[in-house]
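Comments concern the structure below.
The values are calculated or read from the model by the stated rules, or taken from the named source; none is laboratory data. Everything numeric here is computed off the predicted structure, so don't read it as measured data. No Cβ is skipped: glycine too gets one built from the backbone with ideal geometry, and neighbour counts run over all protein chains shown. Remember, those area values only see protein heavy atoms, side chains included, never the ligands or the DNA or RNA. Shrake-Rupley method; radii C 1.70, N 1.55, O 1.52, S 1.80 Å.
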Amino acid sequence: MSSTTSASSAVPASGIRPVLAEVVRSGFVEGRHRGSLVVLAADGSVELALGDPAAPVFPRSANKPMQAAAVLRAGLDLAGERLALAAASHSGESFHLDLARKMLAEHGLTPDDLQTPPDLPLDPAEAETYLATGRARDKVAMNCSGKHTAMLAACALNGWPLETYLDPSHPMQRLVHSVVEDAAGEAVAAVGTDGCGAPLMAISLTGLARAYRFYVLAPEGSAERRVADAMRAHPEYVAGTRRPDTWLMRAVPGALSKMGAEAVQAVALPDGRALAFKIDDGATRALGPVLARCLERMGVADPVLARLAEAPLLGGGRPVGGIRAAF
């Protein structure tokens, strides 16, 4: 895959990343969100680069398609909603929690085997309903429980230790490390710990975009294509009924989309075009407007872009401005 940077790039000599989004209140720009961004053409070449997309970042949950492919390579037979949930940052809706518990039972596991931190559903409305019914934070409600369930199931299948499945030296995590490098086409730059406790592999934004491109173009039946197909067929299990990743994958045929914490986003289109970006300050409110502008520049024309771009600022309970893309 080519990594040649086109003339349409901007990496400031000062090292200060460019402004990707502006915060506009009552017609006045009161804040700015800087970051880095890359768009790949269908042939894999870099079509647009802003900031420093070659620098390593922690993609956070945008790495989940690779983690899901790793459990398939480990021999775990997942498909459909189950495979989508393995790649999910789910909202904690009842159908997410029910399937996670069912998957645990199917593989002889219990919620106690999970090493996710006890949490509330990610979706605020779901969290309110959850608390109103008298339930407390638990491991299954944590948005990464599908990924952890799949990892545990792969460990059980292979006779690998369950108690240490999150150790970077564990066979499961060594396999994830290899799968991430294969997809990104580059070496992992650093290994950290994600919010769910799982090892987290740092790659560049360009590598992340390459990985998503690799997944949508992978041969049918391969682990990578199986993950991409499951996510695209069941996006509500990847995110939730009120989440931008779901909206995009439902509206744009063949799109593969996954956000990550600290304002990371990756998308690939079925023809191999792809994008990845990160907002430096981690402000997720800028994700939608920046994503919509990227897709618009890539030639995507769909009403979902307006929905993605909507990020209002309120004053006295009514809209008085919003976040807008600045490139």
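Pop out the carbon and sulfur fraction of the accessible area of the chain as a percent, whole number, probe 1.4 Å. With neighbouring chains kept in place, the figure for the chain is 52 percent. In the range 112-154, which residues have a backbone nitrogen under 14 Å from the label point lying 7 Å from THR241's Cα in the Cα-to-Cβ direction? Counting backbone N atoms under 14 Å from the label point, the list is 123-127, 129-130.
In the context of the full set of protein chains, residues of the range 98-237 present 40 Å² of accessible surface per residue (probe radius 1.4 Å, heavy atoms only). By the Cβ-Cβ criterion of under 4.7 Å, the unpaired cysteines of the chain are CYS155, CYS294.
Amide H to amide H distances under 5 Å link LEU313 with VAL320, GLY321, GLY322, ILE323, where only residues 5 or more positions off or on other chains count and H is placed in the peptide plane. Largest first, the extents of the alpha carbon coordinates of the range 43-146 on the three principal axes equal 51, 34, 22 Å. The HN-Hα couplings worked out from phi for the range 114-119 by the Karplus form 6.51 cos²θ - 1.76 cosθ + 1.60 (θ = phi - 60°) are 5, 10, 6, x, x, 8 Hz, whole numbers, x standing for Gly and Pro. Here the convex hull built on the C-alpha positions of the range 218-327 has a volume of 114 cubic angstrom per residue.
With kT/(6 pi eta Rh) evaluated at 4 °C and eta = 1.567 mPa s, and Rh the Kirkwood radius from Cα pairs, the range 62-116 diffuses with a coefficient of 109 µm²/s according to Stokes-Einstein. For the pair THR193 and THR110, the difference between a 0.36 nm per residue extended length and the Cα-Cα distance amounts to 27.5 nm. Work out which trypsin sites (Lys or Arg not before Pro) in the chain are exposed loop sites (DSSP not H, G, I, E or B, at most 15 other Cβ within 10 Å) and give the longest gap free of them. Longest gap between qualifying sites, sites excluded: 1-134.
Hull volume per residue, based on the alpha-carbon atoms of the chain and their convex hull, is 128 Å³.
Distance distribution note for the range 111-228: the fraction of Cα pairs above 25 angstrom is 35%. Note: relative contact order over the chain, using C-alpha pairs below 8 Å and six or more positions apart, is 23 percent.
From helices alone, the chain scores -11000 deg cm²/dmol at 222 nm; the rule is -39500 (n - 2.57) for each run of n ≥ 4 DSSP H residues, then divide by the residue total. Ordered by 1.4 Å accessible area with all protein chains kept, GLU310, GLU220 run largest first as GLU220, GLU310.
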